[in-house]
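Chemist: Mind looking over this structure? Questions follow.
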């Protein structure tokens, strides 16, 4: 089974990748469209040129790999995706070949964290418009509602939510998903040294802690637009 988990930035997506990567039957990959995204946008992300050099920047080749045989003889191919990396020039036709799920987070909490790295984030930078686009496309094509999980729900009840997610994906849950070994993982992208410090120190999902950061006034419109999309997905989440 090929599983694409679509998330936005500043979420628990890497911890969730660790969770799936600790399964004996799963091969995981880390943000496979990131190199293409950086090459096309020219954004000055940390280590951007190294990412482009070390990872595949041709989205056509990435798609062939994502939809092809599962590496290492595994039976589950878990793909951690940032939804905003799915640029408009990337054809969506391949997406019917795999199973999709969605990881969302409160926009206020996401933006409070994101704006410390990207001072003027746009709505597109949250990944929410892309998540809704993919969600609605898959729903139309399959006639089924793909699973959505909220980060807070996962942190407040990891085993409960992972069991529900696995059931929705028709994959057997295993307790191995609840803990992992600290430190780097072979699947981590070369950007991990810039972004994964907290995950490298972790061995399980950390308890939920609310953020009380005050957002700058200029992000008010982005927050309002993001909230409107988030609510649509949140109403469909696994509970």
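Chemist: Which residue is nearest to the chain's Cα centre (by Cα), if the candidates are limited to the stretch 61-78 and must be surrounded by 11 or more Cβ atoms within 10 Å (Cβ to Cβ) and either at pLDDT below 95 or under 18 Å from residue 24 (Cβ atoms) (or both)?
Modeler: 78
Chemist: Can you pull out the residues in the stretch 198-219 that are more than 22 Å from residue 156 (Cβ to Cβ), free of Cβ contacts under 8 Å to residues at least 24 places away in the same chain and surrounded by 10 or more Cβ atoms within 10 Å (Cβ to Cβ)?
Modeler: Within the stretch 198-219, just 200 meets the criteria.
Chemist: Within the stretch 86-94, identify whether any single residue is surrounded by 12 or more Cβ atoms within 10 Å (Cβ to Cβ) and within 23 Å of residue 18 (Cβ to Cβ), and answer yes or no.
Modeler: Checked against the condition, which is being surrounded by 12 or more Cβ atoms within 10 Å (Cβ to Cβ) and within 23 Å of residue 18 (Cβ to Cβ), the stretch 86-94 yields at least one hit.
Chemist: Right, something else. Looking at the structure I just gave you, is residue 171 closer than 30 Å to residue 45 by Cα and at pLDDT 95 or above?
Modeler: When the stated conditions are applied, residue 171 does not pass them.
Chemist: Here's something else I'd like to know. Is one or more of the residues making up the stretch 105-121 surrounded by 21 or more Cβ atoms within 10 Å (Cβ to Cβ), in contact (Cβ under 8 Å) with a residue 24 or more places away in the chain and assigned to a loop (DSSP other than H, G, I, E, B)?
Modeler: The answer is yes, given that some residue of the stretch 105-121 is surrounded by 21 or more Cβ atoms within 10 Å (Cβ to Cβ), in contact (Cβ under 8 Å) with a residue 24 or more places away in the chain and assigned to a loop (DSSP other than H, G, I, E, B).
Chemist: Could you figure out which of (1) closer than 23 Å to residue 95 by Cα; (2) out of contact with any helix residue (DSSP H, G or I) (no Cβ under 7 Å at 6 or more places or on another chain); (3) at pLDDT 95 or above isn't true of residue 187?
Modeler: (2)
Chemist: Among the listed residues 140, 144, identify the single one that is without any contact (Cβ under 8 Å) to a residue 40 or more places away in the chain, more than 15 Å from the chain's Cα centre (by Cα) and not in a helix (DSSP H, G or I).
Modeler: Testing whether each residue is without any contact (Cβ under 8 Å) to a residue 40 or more places away in the chain, more than 15 Å from the chain's Cα centre (by Cα) and not in a helix (DSSP H, G or I) leaves just 144.
Chemist: Sticking with this one: When residue 56 is evaluated against the numbered criteria (1) surrounded by fewer than 18 Cβ atoms within 10 Å (Cβ to Cβ); (2) assigned to a helix (DSSP H, G or I); (3) in contact with a helix residue (DSSP H, G or I) (Cβ under 6 Å, 6 or more places away or on another chain), which criterion, by number, is the only one it fails?
Modeler: Of (1) surrounded by fewer than 18 Cβ atoms within 10 Å (Cβ to Cβ); (2) assigned to a helix (DSSP H, G or I); (3) in contact with a helix residue (DSSP H, G or I) (Cβ under 6 Å, 6 or more places away or on another chain), only one is false for residue 56: (2).
Chemist: When the residues of the stretch 37-53 are filtered to those that are touching a residue at least 40 places away in the same chain (Cβ under 8 Å) and part of a loop (DSSP other than H, G, I, E, B), which remaining residue is surrounded by the fewest Cβ atoms within 10 Å (Cβ to Cβ)?
Modeler: Restricting to residues being touching a residue at least 40 places away in the same chain (Cβ under 8 Å) and part of a loop (DSSP other than H, G, I, E, B), the top hit is 46.
Chemist: State whether one or more residues within the stretch 63-73 are more than 17 Å from residue 149 (Cβ to Cβ), in contact with a helix residue (DSSP H, G or I) (Cβ under 6 Å, 6 or more places away or on another chain) and in contact (Cβ under 8 Å) with a residue 24 or more places away in the chain. Explain how you work it out, then say what you get.
Modeler: Step one: filter the stretch 63-73 for residues more than 17 Å from residue 149 (Cβ to Cβ), giving 63-73.
Subsequent filtering for residues that are in contact with a helix residue (DSSP H, G or I) (Cβ under 6 Å, 6 or more places away or on another chain) retains 63, 67.
The next check asks that each one be in contact (Cβ under 8 Å) with a residue 24 or more places away in the chain; those that pass are 63, 67.
Yes, there is a match, as at least one residue in the stretch 63-73 is more than 17 Å from residue 149 (Cβ to Cβ), in contact with a helix residue (DSSP H, G or I) (Cβ under 6 Å, 6 or more places away or on another chain) and in contact (Cβ under 8 Å) with a residue 24 or more places away in the chain.
Chemist: On to the next question. Between 32, 9, which is over 20 Å from residue 233 (Cβ atoms) and part of a loop (DSSP other than H, G, I, E, B)?
Modeler: On the way: 9 fails: over 20 Å from residue 233 (Cβ atoms).
Only one candidate passes the filter, namely 32.
Chemist: Right, here's the next one. Output yes when any residue across the stretch 180-187 is under 27 Å from residue 132 (Cβ atoms) and either surrounded by fewer than 13 Cβ atoms within 10 Å (Cβ to Cβ) or free of Cβ contacts under 8 Å to residues at least 60 places away in the same chain (or both), and no when none is.
Modeler: no
Here is a yes/no grid of residues against (1) in a helix (DSSP H, G or I); (2) over 30 Å from residue 1 (Cα atoms):
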position	(1), (2)
154	yes, no
166	yes, no
199	yes, no
215	no, yes
224	yes, yes
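Chemist: Out of 134, 149, I need the residue that is assigned to a strand (DSSP E or B) and either under 15 Å from the mean Cα position of the chain (by Cα) or surrounded by fewer than 15 Cβ atoms within 10 Å (Cβ to Cβ) (or both). Which one?
Modeler: Going through 134, 149 in turn, just one is assigned to a strand (DSSP E or B) and either under 15 Å from the mean Cα position of the chain (by Cα) or surrounded by fewer than 15 Cβ atoms within 10 Å (Cβ to Cβ) (or both): 149.
The values are calculated or read from the model by the stated rules, or taken from the named source; none is laboratory data. Please read these numbers as outputs of a predicted model, since none were measured by experiment. As a convention, Cβ positions derive from the backbone with ideal geometry for all residues, glycine included, and neighbour counts pool all protein chains shown.
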